[in-house]
1. For a quick protection proxy, order the peptides 75-88, 125-138 by their average other-Cβ count within 10 Å, most packed first.
2. Tell me, what ³J(HN,Hα) does each residue in region 95-107 have, in order and in whole Hz, if you take phi through Karplus 6.51 cos²θ - 1.76 cosθ + 1.60 with θ = phi - 60° and put x for Gly and Pro?
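Every read-out reported here was derived from the displayed coordinates using simple, explicitly stated rules and does not represent laboratory data. All values reported here derive from a predicted model rather than from experimental measurement. Note: ideal-geometry Cβ built from the backbone for every residue, glycine included; neighbour counts use all protein chains shown.
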Amino acid sequence: MARTTQDYESGRDYGGGGGIGEPAGIGWVAFAAVMLGFTALWNVFDGIAAISSAHVFTNNANYVFSDLNTWGWIVLILGILQGLAAFAVLSGSEWARWFGVASASLNALGQLAFAPAYPWWSIAMFSVVILIIYALVAYGGNRLRT
């Protein structure tokens with residue numbers, strides 16, 4: 001006979017975590033923290049490349065506002081924010097979760113606006129950021145503490 005939601009006790013862990021006694025979703029939060037760190041590094045590298053006018057970006061691109069140099073600074077600052085968020089998410093606190101969501105959301109908007117410089121990379125980064133936001137919203141915060 002199949003179980004229904006009434007067959008379960010509220011607040012009891014029925015598995016689904018990474019191991020015995022681990023809450024469900026610990027892998028998603030670890031994924032979010034690691035990917036926040038990677039996207040931070042990638043954004044720092046992209047920002048430095050854009051500031052130094054590297055030849056890896058599309059020539060004569062039209063941006064939402066300003067130029068490649070300005071967007072390089074914006075992406076560099078977003079990378080620094082995401083690096084801080086990656087370390088904060090590992091603490092498991094509620095404010096770190098929402099700080100990670102905010103920095104990832106800003107990065108999603110920044111990547112879409114940075115798309116004229118490097119379209120395929122921006123779309124790939126946007127996709128990763130959406131997964132980070134999902135992991136933090138669905139599984140992050142105090143729910144991980146046992």
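1. 75-88, 125-138
2. Rounded to whole hertz, the list is 5, 5, 4, 6, 5, x, 5, 5, 5, 5, 5, 4, 5.
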